[in-house]
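Every read-out reported here was derived from the displayed coordinates using simple, explicitly stated rules and does not represent laboratory data. Note that this is a predicted model, so its numbers are computed, not measured. A quick note on method: Cβ atoms are made from the backbone with ideal geometry, for glycine too, and the neighbour counts reach across all protein chains shown.
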Amino acid sequence: MSAAPVRNWAGNHGYRFGAFAEPTSLAELQEVVSQAERVRVLGTGHSFNALPDTTGTLVSLRRMPDAVRVDPQRAVAAVGGGVPYARVVTELHRRGWALPTTGSLPHISVAGAVATGTHGSGVGHQVLAGPVSAITTVLGDGSLHTARRGEPGFEGHVVALGATGVVVDLELDLVPTYDVVQQLHPGLTWRDLLADPAAVLALGSSVSVFTLWSGADDEPVGEVLVKQRTDADPATTPGRERLLTRLGDPRPPEAPSSVLGDGDNLTPRGSAGPWHTRMPHFRHDREPSWGDEQQSEWFVPLERAAEAVAAVRSVADVLAPALIAGELRSIGADDIWLSMVHGRDSLALHFTWRNDDALVGEAVRAVEAALAAYDARPHWGKVAGPVDVDRLYPQAADFRRLRRSLDPAGVFLNDHLERLGLA
């Protein structure tokens with residue numbers, strides 16, 4: 001058995017648990033769960049808060065079977081909850097299939113990403129939980145429970161923060177494999193962005209605006225990373241052509257990013273390649289991002305994007321001591337009860353912070369105050385202040401009822417979930 005994990009990937013949170021288990025089979029996992037008073041599951045450690053903590057048994061699925069099973073007739077893949085996306089996407093491409101979108105890094109586990117509402121970019125894309133058509137969990141008594149799309153309450157099972165059981169199997173909707181080319185543009189000004197953020201974020205299949213939140217209105221925001229499917233011919237409109245011109249010529253593929261740097265952990269730019277090697281920002285065979293960091297992210301209605309961006313700009317001086325990089329993305333609305341984009345196309349405002357609790361705390365308070373008027377929903381797996389779930393999530397009460405029906409003994413609860421108001 002591997003040593004129990006002590007801290008998360010970024011090092012900002014030390015895990016709290018009474019016992020640690022790494023089952024290697026479904027039967028072993030069921031036995032572990034049925035014998036424990038409290039259980040939480042640890043994914044790949046890419047969360048930044050106390051979501052995995054427990055007074056009972058912390059379970060890792062990393063030694064469970066990692067098969068990727070494809071049903072070509074149904075265009076569906078079945079994968080284990082602990083399998084990392086890096087394995088899934090490589091195997092899908094090998095078989096001629098793909099996912100509609102990916103997260104920015106492929107190191108994360110499927111179940112962990114789905115459970116926390118993790119996402120990529122593009123208003124035509126939903127969160128990574130969107131393609132989930134069935135989900136199987138081990139309940140507190142060790143029994144199995146499967147929920148399928150179309151069944152009552154399915155939307156409460158998907159983004160569930162591990163509160164309903166241990167996810168052991170998911171079915172994902174597939175599309176045929178495709179190629180993507182990504183280009184990094186340095187020329188977009190704050191004035192151009194604020195004129196129509198949604199239009200900027202619709203310039204490709206997936207678009208990210210990287211920024212340090214500095215500069216005057218006529219100065220560059222930072223950089224815009226445009227990822228475009230080669231089989232998709234975006235509509236040519238005068239407005240789109242004007243915006244593309246304003247982005248400026250793309251940086252040469254070998255040129256470093258002024259925000260992301262020149263690390264060899266970034267996926268290739270300037271040439272077309274398979275979707276799973278271009279849609280993520282980071283390569284699966286390298287360490288992602290900066291490592292010694294903390295992260296926060298908030299989601300606001302896309303229709304209010306310009307106001308929200310302007311509000312955050314107004315506190316840029318407060319953010320600067322903590323900020324490593326910022327990123328703006330768009331995500332399409334869904335009907336998943338606890339999804340951060342439930343019911344609304346959204347702008348995601350992401351912040352990578354220095355790993356300093358005092359600086360991060362001050363910056364987080366400043367962002368949340370700036371976004372208070374825009375019903376900002378924080379990412380479940382990242383650093384944030386208190387969350388009023390009943391105000392921000394119309395079906396929070398439905399989720400609590402579902403959770404209690406599946407886990408009446410509260411096996412999968414912890415202090416963090418209780419503070420969130422999801423018990």
Amide H contacts under 5 Å for Phe48, placed H, 5+ residues apart
Lys382
PRE reach from Arg74 (point 7 Å along Cα→Cβ): which of region 124-168 fall under 11 Å by backbone N?
133-135, 148-149
Cα convex hull of region 1-126 - mean projected area over all directions, nm²:
8.9 nm²
In region 253-392, what percentage of the DSSP-assigned beta bridges are antiparallel, given to the nearest 5?
95 percent
Report the one residue of Phe210, Gln35, Thr267 whose Cα lies farthest in the direction of the positive end of the charge dipole of the chain (charges on C-beta: Lys and Arg +1, Asp and Glu -1; origin at the Cα centre).
Gln35
How large is ³J(HN,Hα), in whole Hz, for each residue of region 125-134 in order, when computed from phi with the Karplus curve 6.51 cos²θ - 1.76 cosθ + 1.60 and θ = phi - 60°, using x for Gly and Pro?
10, 8, 5, 5, 6, x, x, 6, 10, 7
Antiparallel content of DSSP bridges confined to the chain, in %, to 5:
90 percent
Under the 7 Å Cα-to-Cβ spin-label approximation, Asp317 and Asp292 lie apart by a distance in nanometres of 2.9 nm
Measuring from label point to label point, each 7 Å out along Cα→Cβ, what is the Phe20 to Ala310 span in nm?
5.0 nm
Label-to-label distance, nm, for residues given as Ala4 and Leu212 (7 Å Cα→Cβ offset):
4.2 nm
Value of [θ]222 nm, deg cm²/dmol, for the chain, DSSP H segments ≥ 4, -39500 (n - 2.57) each, nearest 500:
-6000 deg cm²/dmol
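When the chain is fully extended, how far beyond the present Cα-Cα distance does Asp356 get from Ala409, taking 0.36 nm per residue of separation? Could you put the intermediate results ahead of the total?
On the way: separation 53, 0.36 × 53 = 19.08 nm, distance 3.72 nm.
Contour length minus Cα-Cα distance gives 15.4 nm.
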Give a residue-ordered list of calculated ³J(HN,Hα) values for region 276-284 (Karplus: 6.51 cos²θ - 1.76 cosθ + 1.60, θ = phi - 60°; whole Hz; x for Gly, Pro).
6, 9, 10, 5, x, 6, 10, 6, 6
Amide H neighbours of Leu42 under 5 Å, counting only residues 5+ apart in sequence or on other chains, H built in-plane at 1.01 Å?
Val59, Ser60, Leu61
The ³J(HN,Hα) series, computed from each phi in region 251-263 with the Karplus coefficients 6.51, -1.76 and 1.60 at θ = phi - 60°, rounded to the nearest Hz and given as x for glycine or proline, is 5, x, x, 8, 6, x, 7, 6, 9, 8, x, 10, x
When the Cα centres of region 103-167 and region 344-390 are compared, how far apart do they sit, in Å?
22 Å
Taking amide hydrogens as modeled 1.01 Å from N in the peptide plane, which residues meet the under 5 Å criterion relative to Ile324, leaving out close sequence neighbours?
Thr352, Trp353, Arg354
In terms of the Cα gyration tensor, with a ≥ b ≥ c the square roots of its eigenvalues, is region 179-378 rounded because a/c is under 1.5, prolate because a/b exceeds b/c, or oblate?
rounded
